[in-house]
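Enquirer: One structure follows; several queries about it will come next.
The values are calculated or read from the model by the stated rules, or taken from the named source; none is laboratory data. Computed from a predicted model, the values in this text were never measured in an experiment. All Cβ positions, glycine included, derive from the backbone under ideal geometry; neighbour counts span all protein chains shown. Calculation scope for accessible area: heavy atoms of the full protein, side chains included, ligands and nucleic acids excluded. Shrake-Rupley method; radii C 1.70, N 1.55, O 1.52, S 1.80 Å.
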Amino acid sequence: MKSLTFSVALAVTVVGSMGFTSVRDGWEGKTPGEERTIAGIKLCWCPRGKFMMGSPPGEPERRPGETQVEVNLTRGFWTGKYEVTQGDWKRVVGKLPGELTAELPEGDRYPVGNVNYAEAENFCRKLTELARAANELPAGWEFRLPTEAQWEYACRAGTTTATAFGDSLSRTQANFQGKPYNGGADNGPSLKRAAAVGTYPANAWGLHDMHGNTYEWCRDWYHATLPGGDDPDLYLARATATMNRDGTVSRSRRGGAWTDDGMFCRAAFRVRFEPERRYDHIGFRIVAVRR
């Protein structure tokens, strides 16, 4: 480990053999997975670094749109330890955004669902306002939905395998209802409904339910080809988004859900969804980033 000191007194620290680095300015984290709570939301630190986004050609159940690209995230960010819960939503916004169902039970520790893209963005804006008003969030930081690159980087937590738990996935590791992935143990529960957040194991950076439970909205317009390079962000790239059959365009979502087989919970799996629509198995997770 080594440190470089600049005239503005920022320290850049190399973490471990993967080459992750964290710029410390008094509010950023020092180590991957470091926790802090802001405005009642538990967050885990994801250090800046490079990774291969997407899946290699030999990955079982690989889908179109997963061709690998190298991504360089030049700034670290905080990621919600859990999917946003119904309790979080009621505290920040008020009334739940959509109907509860038999598969999405009521409860403050259950993920919020039946939320469309604009409503998820509105939650992030309101949470930013609350945190700033309480002097818990610096003016240069904000809460928002993660880009696809930030989401996959946080999900992988330094791994290069199909999931954060290796090249298989069992129902003891994630909440999905169908076939385990790539030989994963078939001995876990098949709930066929949402689980309270944190029921299943966390990844190496302390993040729960990155695989399964509910799908999570991402910030990007969906493009059939993954973006690479420095800090890819397709939030404003509607004009180049991949068009649906009916001429509409979609935002991206990640992570799989209780409705799916394990293959759809892989770190690289991605799917489109029109931003105006909602389902009980689609929720979201937040990140705190420097603007």
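Enquirer: With Cβ to Cβ distances under 12 Å as the rule, what net charge do the other residues near Leu96 carry (K, R +1; D, E -1)?
Expert: For residues surrounding Leu96, the net value is -2.
Enquirer: How many Å² of accessible area per residue for the chain, probe 1.4 Å?
Expert: Averaged over the residues of the chain, the accessible area is 42 Å².
Enquirer: Then there is this: Note down the net charge around Arg125, summing +1 for each Lys or Arg and -1 for each Asp or Glu among other residues with Cβ under 9 Å from its Cβ.
Expert: Value of the local net charge: -1.
Enquirer: Using Cα pairs under 8 angstrom and six or more residues apart, how large is the relative contact order of the range 237-291, in percent? Don't skip to the answer; put the middle values down first.
Expert: Values: 46 pairs, mean separation 15.7, N = 55.
The value is 29 percent.
Enquirer: Could you work out the relative contact order of the range 136-274, using alpha carbon pairs under 8 angstrom and six or more residues apart, expressed as a whole percent?
Expert: Averaging sequence separation for qualifying contacts and normalising by length gives 28 percent for the range 136-274.
Enquirer: If you don't mind, another one. Nearest 20 debye, what's the magnitude of the dipole of the chain about its Cα centre given +1 on Lys and Arg Cβ and -1 on Asp and Glu Cβ?
Expert: 380 debye
Enquirer: Please report the antiparallel percentage of DSSP beta bridges with both residues in the chain, rounded to the nearest 5.
Expert: 85 percent
Enquirer: Would you tally the net charge around Glu274, using a Cβ to Cβ cut-off of less than 12 Å, leaving Glu274 out, and scoring K and R as +1, D and E as -1?
Expert: +4
Enquirer: Listed highest first by mean packing, meaning other Cβ atoms within 10 Å per residue, what order do 34-46, 130-142 come in?
Expert: Ranking, from highest mean packing down: 34-46, 130-142.
Enquirer: Using the structure shown, list the pairs from Lys81/Lys179; Lys42/Lys126; Lys90/Lys179 with a Cα-Cα distance above 24 Å, or answer none.
Expert: Lys81/Lys179; Lys90/Lys179
Enquirer: Still on this structure, I have one more. Using the Cα centre of the range 188-291 as the reference point, and only Cβ charges (+1 on K/R, -1 on D/E), how large is the resulting charge dipole? Debye, rounded to the nearest 20.
Expert: That gives the range 188-291 a dipole magnitude of about 120 debye.
Enquirer: Given the C-alpha centroids of the range 87-124 and the range 248-276, what is the distance between them in whole angstrom?
Expert: If we compute the Cα centre of each part, the gap is 18 Å.
Enquirer: I want to verify a result. In a Gaussian network model of the chain, Cα cutoff 10 Å, which of these has the top mean-square fluctuation: Lys192, Lys90, Lys30?
Expert: The residue with the greatest mean-square fluctuation here is Lys90.
Enquirer: Relative contact order of the range 26-109: what whole-number percent is it, with Cα pairs under 8 angstrom and at least 6 residues apart?
Expert: Numbers: 103 pairs, mean separation 21.4, N = 84.
That works out to 26 percent.
Enquirer: Continuing with this model, one more query. How would Thr172, Thr240 line up by accessible area, probe 1.4 Å, largest first?
Expert: Working: Thr172 70, Thr240 95 Å².
I get Thr240, Thr172, largest accessible area first.
Enquirer: Do the sum for the chain: with -39,500 (n - 2.57) for every DSSP H run of n ≥ 4, divided by all residues, what is the mean residue ellipticity at 222 nm, to the nearest 500 deg cm²/dmol? Working shown, then result.
Expert: Working: 3 runs with 33 residues, N = 291.
When only DSSP H runs of four or more count, the value is -3500 deg cm²/dmol.
Enquirer: At 1.4 Å probe size, with the rest of the protein present, what percent of the exposed accessible area of the chain is carbon and sulfur atoms?
Expert: On the way: 6140 of 12250 Å².
Whole-percent figure for carbon plus sulfur exposure: 50.
Enquirer: Here are a few candidate values for Cα Rg over 2.2 N^0.38 Å: [x] 0.95; [y] 1.25; [z] 1.04. Which one was actually calculated from the structure I just gave you?
Expert: Working out Cα Rg over 2.2 N^0.38 Å from the coordinates points to [x].
Enquirer: Also, I was wondering about something else. Taking the chain as a Gaussian network, where each spring joins two C-alpha atoms under 10 Å apart, which residue of Glu28, Glu61, Glu83 fluctuates the most?
Expert: In the Gaussian network model the winner is Glu61.
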